[in-house]
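Accompanying notes for the structure given below.
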Amino acid sequence: MTLSETTSAAILLLLSGNEALWEIISISFSVSLRAILYVTPFALILAYIFSYFRIPGKRVLLSIFNTMLAIPAVVIGLTLYILFSRSGPMGDWRLLFTQDAMIIGQMIMAFPIILVMAHSAIQASDRRLWETAITLGASPIRAMATLFYEVRFGLLAAIVAGFGRIIAEVGCSMMVGGNILHVTRNIPTAIALETSKGEFAQGIALGIVLLILALTLNLGLGFFQGRGELRS
C-alpha cells in the first residue's frame with residue numbers, strides 16, 4: 001500500500017469506530033489523565049513551597065528535579081520493573097503489568113516537568129502579591145490560591161507539558177505495563193507493536209490521535225492565554 005492509501009485506511013479505522021482501536025485510545029487517556037490528576041497538586045504545592053519558604057538543600061533538590069527532566073522513560077521503567085518484580089522489594093504489591101504501575105511511572109515522569117515549570121512561573125510573579133495577601137491576614141493556603149490564580153497560564157502550560165510527555169511515552173509503559181491487550185496496551189505501545197508487524201494503518205491512526213491531541217492542547221492553551229491578555 002502507498003502512503004496515501006495507508007493514511008486513508010487509518011482515517012477510515014478512526015471514523016468507523018473500530019472497537020479495538022478505540023479501546024486502546026480509551027486505556028491510554030484513562031491512565032495518563034489519572035496520572036496527571038494525581039501528581040499535579042503535589043507538584044504545584046511543592047513548587048509554591050520552594051518559591052516562598054526556606055527549605056534546607058533547596059538548590060540541591062531543584063538541581064535533582066532539573067536532572068530528572070533528562071532521564072529517559074525506559075530508565076524509569078526499568079527501575080520500576082526491578083522494584084515491582086517478584087524478586088524486588090515491592091514484589092508483594094503485585095503492581096507489575098498493571099495500569100497502576102503505568103500510572104506510577106507516568107507520575108514520576110510528569111512530576112519534575114510540572115514542578116520545574118511551575119516554580120519558574122511562580123518565581124517570575126510579583127512577590128508583593130503574596131506578601132500583601134499575608135499582611136492582610138490571608139492564610140498560607142488562601143495566599144497560595146491567590147498566587148496560583150495570578151500565574152494560572154504558566155501553571156496550565158506546565159500541566160499541558162507534563163501531560164504531553166506522558167501520553168506519548170513508550171519506554172516506561174512497555175516495561176511496567178507489558179503491552180497487554182485489553183489491559184495495558186496504550187497508544188504508544190500499540191503503535192510500536194503494530195508497525196513492527198507491518199500494520200501501518202492502525203499505527204498511523206493512533207499517531208493521528210496523538211497529533212490531534214497535541215494540536216488541541218496547544219490551541220486551547222493559546223486561547224486561554226489570549227483571553228487572559230485581553231482582560232488585562
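Coordinate-derived values only; no laboratory data. Treat the numbers as computed from the prediction; the structure is a model and nothing was measured. Quick reminder, even Gly has a Cβ in these numbers, built from the backbone with ideal geometry, and neighbours come from all protein chains shown.
Brief remarks follow.
- J(HN,Hα) series, segment 70-75, from Karplus relation 6.51 cos²θ - 1.76 cosθ + 1.60, nearest Hz, glycine and proline x: 9, 6, x, 4, 5, 5
- 3J(HN,Hα) couplings calculated from phi for segment 180-187 with the Karplus curve 6.51 cos²θ - 1.76 cosθ + 1.60 (θ = phi - 60°) are, in sequence order, 8, 4, 6, 10, 10, 7, 10, 4 Hz; Gly and Pro show x.
- Ordering LYS197, LYS58 by the number of other Cβ atoms within 10 Å of each residue's own Cβ, fewest first, gives LYS197, LYS58.
- Ordering of 140-147, 68-75 by packing [mean C-beta count within 10 Å, highest first]: 140-147, 68-75
- The calculated 222 nm mean residue ellipticity attributable to helices in the chain amounts to -26000 deg cm²/dmol, summing -39500 (n - 2.57) over DSSP H runs of n ≥ 4 and dividing by all residues.
- Cα→Cβ-extended label distance, 7 Å offset, between ALA214 and TYR149, nm: 3.5 nm
- Backbone amide hydrogens, once placed in the peptide plane, bring ILE180 within less than 5 Å of ARG185, excluding anything fewer than 5 places away on its chain.
- Contact order normalised by residue count of the chain, Cα under 8 Å, 6+ apart, percent: 30 percent
- Cα long-axis angle, helix 99-123 against the chain (0 to 90 degrees, to the nearest 10): 40 degrees
- Cα pair distances in the chain, grouped into 5 Å bins until the bin that holds the longest one, percent each: 1, 7, 12, 14, 15, 14, 12, 10, 7, 4, 2, 1, 0, 0
- Estimated dipole of the chain in Debye, rounded to 20 [Cβ of Lys and Arg +1, of Asp and Glu -1, Cα centre]: 840 debye
- Given charges at Cβ of Lys, Arg, Asp, Glu: the chain dipole, positive-most of LEU210, PHE53, GLY105: PHE53
- The spacing between segment 126-168 and segment 37-113, judged by their C-alpha centroids, is 21 Å.
- In terms of packing, defined here as the mean over residues of other Cβ atoms within 10 angstrom, the peptides 13-23, 185-195, 120-130 line up highest first as 185-195, 120-130, 13-23.
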